[in-house]
Amino acid sequence: MENGFLRVEDLRLHFRTMRGPVQAVDGVTFHLGRGRTLVVVGESGSGKSSLAKAILRLLPRNVLKYEGSVYMDDVDVMKLSDDQFRRRVRWVKAALVPQAAQNSLNPVLRVQDQVAEPLLVHGKAKTKEKAYERVAEVFGMVGLPTDFMSRYPFELSGGMRQRTAIAMALVTNPDLIVMDEPTSALDVLTQANLMNVLKRLKQSTEMTFILITHDIATASDLADDVAVMYAGQIVEQSTARRFYTAPLHPYSKMLLSSVPTLKEDKELQHIPGTPPSLINPPKGCRFADRCPARFDKCSQEPPLRQVNGSRVKCWLYE
Amino acid sequence: MNRVVKGFKDLAQYPSAIAGLVLISLFVALAVYAMVTMPLGQAIELWRGSGDVWQYTPRNAAPAWLNVFPGINKPVTMDFNTANMPEAKTVEEIAPGMWEVRVSFPFDFTYDEFPTEINVFTTVRNSTARPFFSMRWLTPDGREIPLGDVDLRASESFRLGQDARLTRRLGGRPAHMGLFADPNASEAVPLKGRYELVAEALVFEPDTELDVRLVVYGQLHGLAGTDHRRRDLTVALLWGTPIALAMGLMGAIGATVTTMAIAAVGTWYGGWVDNLIQRITEINMMLPGYPLLIMIGTLVDRNLLLLTAIWVALSIFSASIKSYRAMFLQVKEAPYIEAAKSYSASNMRIIVQYMMPRIIPVLVPTFVGLVPSFVFFEATISVLGLGDPLLPTWGKVLSEAQDMGALHNGYYYWVLAPSLLLVFSGAGFALLGFALDRIFNPRLRSL
Amino acid sequence: MEIFDKTMRPGTKPEDVLLSVEGLHKWFEIKRLGLFRVGDVKAVDGVDFQLARGESVTVVGESGCGKSTLARTILGLYGPTKGRIVFDGRVIDGTDKEALAWYRRHVGFVQQDPFGALPPFMTVQRILNEPLVINGVKDPEERQRRIRKALEDVRLMPVEDYLTKFPHQLSGGQQQRLVIARAIILEPKLIVADEPVSMLDASVRVEIMQLLGRLQQQYNISIIYITHDLSTVRYFSDRIFVMYGAKLIEKARTKELLKNPSHPYAQALMNAIPDPDPDNVDRFREVPGGEPPSLMNPPAGCRFHPRCPAAIKGVCDVQEPPHFERGEQHLVACWLYGEEHAEQTA
């Protein structure tokens, strides 16, 4: 894990707003091995979508601070110029399936042309015909019939459009695909089908995935590793097995026990209080106010510590 | 109250809002000043210019403050009146039953150019016999020019420039030039220094009152200059302000609030109500507005209120009703409307208390932004010749300036002042509107 | 009133029935160019059930199955195309305005999107005041008392801190509590909750579900809970109705249905929803492909048959299955459980 394909170190992304700077991503560090899937779970407003944007440098205009290191294959892509990043990283090394991707397709272009676009832009296909061949290939990978290629987005169902968006991310064969809530707007059955598709992709390719989601139960379908995000920081990163069976951070524990289950009957718990504002987050541990295990030391910021192969940002594990 | 304070704090973050507010407050102050100092009736009377209200002001004079510019030193109007200056008049009984009234108006003339006219007015009261009256003109170089003598009637005006005999005596120059000209210069140049008008009258009754008024008409006059009918433009410019603001505000309120209400009703009820409103709008959008106004103005009445009302009605059923409708269609589907239905809120209540407030954020900036267009509307119809025949307005000034070929004749101030007032009042509301738009529509905020 | 719903708890007396939904249909006419009728979207196409006082039932189904239309028809927001609703012995069909107003006073509505459900320009005080004013609570002190009580009931305390706030100043969970406070302020006998937690974060969801459960017990309110997420159901309801293609295809007690889902669609739903479990990574889920049926031109026979792995040719694609009894208080609309078919396979 240490010498993984992707190393993110002390990544920060702050936004400027009318009410003050928002520390959406504030010192995030994690490592991810090639071919593994990391699920970043967090509640709304925890900064998980901003993390995806920060890794792929898809920044809005109101960026106040954007710093840290993102190593892909030991190259710090943060040091690249915007132009270099566009040519050498985006689509080539890393692609994004944006949130609500089923609505992100251009309604007046045939899906094949949209999916082929990155190929043509990056010169990975010389002719349109060659590009369509590759599009047909990725359509197969995501379980879309190739005769859908010449359709327009509105002729496809939500699930099909979502698959198209994933196909678009796959088409240039990047090393890393970041998916932001890929299934949240879909129906249960469609979502399960899509998860099957993603699982198959995971097994059949060498790609590395980062899945951003608030749905802890569905996340377990894909996760090799889990990172828990709270108030702009990663408070725990573990293997999926450790996270789902023996989470370390008090927040992780409470989060897991708040997830309803279908097959087993368990007592649900909720986390009292609300997450802190990212505009002026509390000093020290950001979860301290809601934490049942809080003690004196929590007023200082805990370091991210290694505990049995996991990393946890909590004074309980010193 | 807190919301108001917070609103102002938000506004204060936008320089354009501050600029707009400053401009608007200046105009409001001007409007208040106009209404306090001069009742509307008086303003209308003045502007109509009946009688001899304007005989003491020059014709087509530029504003007096032009003299502050270096290189410009033109005469401004000088007005001397014994009614205001008792010290200028002495009365002496020179014989039993005969008094000599002596009036002397000494003044310094320091300008580089000649006045435009010079007139003397006299009034005599309580006199059965006509007083005998004679005038002399004393120049700085010591010459004394007799201006003639006459038996005075109750009121007389001596338009010295039109006195042909005097003109002849002055070497063919009319009095306002000849009296001031330097006799030693070959060209017509005014001689600077102290002049004096001396008027002497013999009256024959003890209680006879005689007043003399000397007006040396300048090339410059007042704050805003005068027009072809000697009217001081300040009157119209000043009173134009409250009229413009009232027009702008009433028009904008009519156009926004009514439009919104109609759009809300149409959207909520849908069906034929909505269809009717839509069709009226579409037909109205095809109608040419100004030609319609010209027709009504010519055939019915050139009343400003009526024309504005028609214009507001035309703007109600315009493109904006479509954009409000689009917004209301969205609002109508909002879950909170559904919730209101679920607790039996009536249609009227939903429209007025649930749908309309949702649009206020869009309405306020639109409203402020619409004000200038109604201010300009008055100017437009005046220039088209549909202006209210009585009211002193900016548009009327512009319209008359155009009729008299103001720019052609070099009376630029006549056009400039009302135009600038229009521009700045428009700018004030527009600047405020832009800022409000950003505050109310966070999507437009540049972060 | 007679009891026709065989999934009601045995021994329920007719006077215990609060709501009776009988043969309910809601069709929306689709017109082209606003003139020519091209067909109907049959969003609710024959729904029957009864609900006892203080009972809670869940209607579960995917988006587009008609469950939200069912909720709104029950709420009286849409008039039914066919069928009727009987509430507390009174027929509510929209023709009697007074009955409708009376009915709406007794039915609360909790929506999916709490922020959208609250007028953004009203304070908490005004939001709660509205239903009271509209429904004739004239005494301001009485209104104030009830506003306070409702806020206390949903644990928005101290009340003073909230009264002057606007919805955007509240968190998602607090907004949903406010929506619930508004739903209970008229002291309803029934609450219809349409996906009340689906837009909330996991940690807040539990709170809201527990709150609804507590209110139900405290005030003996009946709840119709509409959701797409089966996993939240067990904490909540006495019975589950599974809705597919505008019809209820399976009705059973909650425990029974979760243990023994019978309709292939209900089984698929169960299979599709993961519990958090690291072993999921290696499991593929058995779920049928395809799309939910069009409600304008639903397939003939059983509406699930085009996607159904167990469809019987010549039966399922021809004839619509009636509700067969499958064990106690368990009805399922599937030919697999029909006697005729049982004979065939025997």
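Fewest-first ordering of B:Lys6, A:Lys128, C:Lys189, C:Lys251 by other beta carbons within 10 Å of each residue's beta carbon gives B:Lys6, A:Lys128, C:Lys189, C:Lys251.
Suppose a student asked you for the relative contact order of chain B, using Cα pairs under 8 Å spaced at least 6 residues apart; what percent would you report? Relative CO of chain B lands at 22 percent.
Please say if the stretch A:64-188 is rounded, prolate or oblate, where rounded means a/c under 1.5 for a ≥ b ≥ c the square roots of the C-alpha gyration tensor eigenvalues, and otherwise the choice is prolate for a/b larger than b/c and oblate otherwise? Judged from the Cα gyration tensor, the stretch A:64-188 comes out oblate (a/c at least 1.5, b/c at or above a/b).
Here the translational diffusion coefficient of the stretch B:295-392 follows from Stokes-Einstein with Rh set to the Kirkwood radius across Cα pairs; for 4 °C and 1.567 mPa s it amounts to 80 µm²/s. Straight-line reach from C:Lys251: taking Cα to Cα under 28 Å and skipping same-chain neighbours fewer than 8 places apart, the lysines in range are A:Lys263, A:Lys266, C:Lys6, C:Lys13, C:Lys26, C:Lys42, C:Lys67, C:Lys82, C:Lys189, C:Lys259, C:Lys313. The modelled label-to-label distance between B:Thr128 and B:Leu292, using points 7 Å beyond Cα along the C-beta direction, is 7.1 nm. In order along the stretch B:395-412, phi translates into HN-Hα couplings of x, 4, 4, 4, 4, 5, 4, 5, 4, 8, x, 3, 5, 4, 8, x, 8, 4 Hz, rounded to whole numbers, per the Karplus curve 6.51 cos²θ - 1.76 cosθ + 1.60 with θ = phi - 60° and x for Gly and Pro. Here the convex hull built on the C-alpha positions of the stretch B:1-126 has a volume of 243 cubic angstrom per residue.
Inter-chain Cβ neighbour count for B:347-357, averaged per residue, equals 2 (cutoff 10 Å, partner chain atoms only).
Run down the lysines and flag those whose C-alpha is under 20 Å from the C-alpha of B:Lys9, throwing out any fewer than 8 positions away in its chain. Reachable lysines: C:Lys165. The GNM of chain C, with springs linking C-alpha atoms under 10 angstrom apart, assigns the highest mean-square fluctuation among C:Glu62, C:Glu152, C:Glu325 to C:Glu152. Kirkwood radius, chain C, all distinct C-alpha pairs, inverse of mean reciprocal distance: 21.5 Å. For the residues of A:192-200, the average number of beta carbons from a partner chain within 10 Å of their own beta carbon is 4. Please state, as a whole number in µm²/s, the translational diffusion coefficient that the Stokes-Einstein equation yields for the stretch A:102-173 at 10 °C and 1.306 mPa s, with Rh defined as the Kirkwood radius across alpha carbon pairs. Calculated translational D: 136 µm²/s.
Note on the stretch A:238-294: Kirkwood radius taken over Cα pairs, Stokes-Einstein applied at 20 °C and 1.002 mPa s, translational D equal to 165 µm² s⁻¹.
Ranked by the mean number of other Cβ atoms within 10 Å of their residues, highest first, the peptides C:169-180, A:103-114 fall in the order C:169-180, A:103-114.
Reported to the nearest whole Å, the Cα centre-to-centre distance from the stretch C:80-156 to the stretch B:336-379 is 24. Beta bridges per DSSP, both residues in the stretch B:73-217: antiparallel share near 100 percent. Averaging 1/r over every pair of different alpha carbons in the stretch C:101-220 and inverting the result gives a Kirkwood radius of 14.2 Å.
With a Förster radius of 25 Å applied to the beta-carbon distance between B:Ala188 and B:Phe69, the computed FRET efficiency rounds to 0.60. Taking every alpha-carbon pair within the stretch C:236-345, the share separated by more than 23 Å comes to 32 percent. For the stretch B:184-227, the set of GluC sites (Glu not before Pro) satisfying both a DSSP loop assignment and a count of at most 15 other C-beta atoms within 10 Å is given as B:Glu187.
In units of the compact-protein estimate 2.2 N^0.38 Å, chain A shows a Cα radius of gyration of 1.02. Comparing mean-square fluctuations of B:Glu400, B:Glu113, B:Glu333 from a GNM of chain B with C-alpha springs under 10 Å, the top value falls on B:Glu333.
Bridgeable lysines around A:Lys124 (alpha carbons under 22 Å apart, same-chain partners fewer than 8 residues away excluded): A:Lys93. Using equal-weight Cα scatterers in the Debye expression, the normalised intensity of the stretch C:1-156 in log10 at q = 0.08, 0.17, 0.19 Å⁻¹ is -0.32, -1.18, -1.29.
Give me the Debye-computed log₁₀ of I(q)/I(0) at q = 0.19, 0.20, 0.21 Å⁻¹ for the stretch B:73-217, equal point scatterers on Cα only, no solvent, two decimals. The Cα Debye sum returns log10 ratios of -1.11, -1.20, -1.30.
The calculated FRET efficiency for A:Leu58 paired with B:Arg229, based on their beta-carbon distance and R0 = 60 Å, is about 0.30.
Residue order for B:Tyr111, C:Tyr265, fewest other beta carbons within 10 angstrom first, comes to B:Tyr111, C:Tyr265.
Proximity of backbone amide H atoms, modeled 1.01 Å from N, is registered between A:Val97 and A:Val178, A:Met179, A:Asp180 at under 5 Å, excluding neighbours fewer than 5 places apart on the same chain. Per-residue Cβ neighbour counts within 10 Å put B:Ile283, C:Ile249, B:Ile18 in the sequence B:Ile283, B:Ile18, C:Ile249, beginning with the fewest. Under the combined filter of DSSP loop state and at most 14 neighbouring Cβ atoms within 10 Å, the stretch A:1-48 retains these GluC sites (Glu not before Pro): A:Glu2. Report, to one decimal in Å, the Kirkwood hydrodynamic radius for the protein assembly as shown based on all distinct Cα pairs. Its Kirkwood hydrodynamic radius stands at 36.8 Å.
Here, each number is a calculation from the coordinates, and none is a lab measurement. None of these values were measured; they are calculated from a predicted model. Cβ sites come from the backbone with ideal geometry, for glycine too, and all protein chains shown count toward neighbours.
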